[in-house]
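A quick write-up on the structure given underneath.
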Amino acid sequence: MTAVQVYEKRRRRRESHNAVERRRRDNINDRIQDLFTLLPDTMIDANAKPNKGMILKKSVEYIRQLQHMLQSQSNRLHELESGIPSSMAAAAAAAAAAQPHQQQTSGGLAAMLAGAAGVNSSRPQQHHHQQQQQGGDATMTGNGL
């Protein structure tokens, strides 16, 4: 193998590695941006520019709030069900079985996430690829992933 061939082989390997790493970073940045769009307005500081660390921190905080809310509602449902006489419980179960699946208590999380949580889907999604096409910097401010 000549020196030129060795050089070309190393260059191709380096370019391939760079492309793989770029796709990995793009994927991470896109998922962080997705998390940002799922956060409710109440969790976002309108005066501060969002960065990756803040988005991840607020996302974890929001998930924990939803888990706590779901556990509280589940406990409350159990309390209410345990206070119903057995004949009324059977009638309630029959009525619940006749309703569509999403209206049963098992669909409570989906309803809570869709409506009561106030998810901000109106926030524009600025994905990495759009920024690249516009000639902007591909990374969001923050940790430099």
Exclusive hit being more than 17 Å from the chain's Cα centre (by Cα) and surrounded by 12 or more Cβ atoms within 10 Å (Cβ to Cβ), set Ser59, Ser74: Ser74
When segment 11-33 is examined, which residues are found to be surrounded by fewer than 17 Cβ atoms within 10 Å (Cβ to Cβ) and in contact (Cβ under 8 Å) with a residue 40 or more places away in the chain? Arg25, Ile28, Asp30
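The rows are residues; the columns are (1) touching a Leu at 6+ places or on another chain (Cβ under 7 Å); (2) part of a helix (DSSP H, G or I); (3) not small (Gly, Ala, Ser).
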position	(1), (2), (3)
Lys9	no, yes, yes
His17	no, yes, yes
Asn27	no, yes, yes
Asp30	no, yes, yes
Asn47	no, no, yes
Lys57	no, yes, yes
Leu70	yes, yes, yes
Leu77	no, yes, yes
Ile84	no, no, yes
Exactly one of Thr42, Thr37 is touching a strand residue (DSSP E or B) at 6+ places or on another chain (Cβ under 9 Å) and in a helix (DSSP H, G or I), and that one is Thr37
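Every number in this text was worked out from the coordinates using simple rules, so none of it is lab data. Keep in mind that what you see is a predicted model, and the values were worked out from it rather than measured. Note that we place each Cβ from the backbone using ideal geometry, even for glycine, and neighbour counts take in every protein chain shown.
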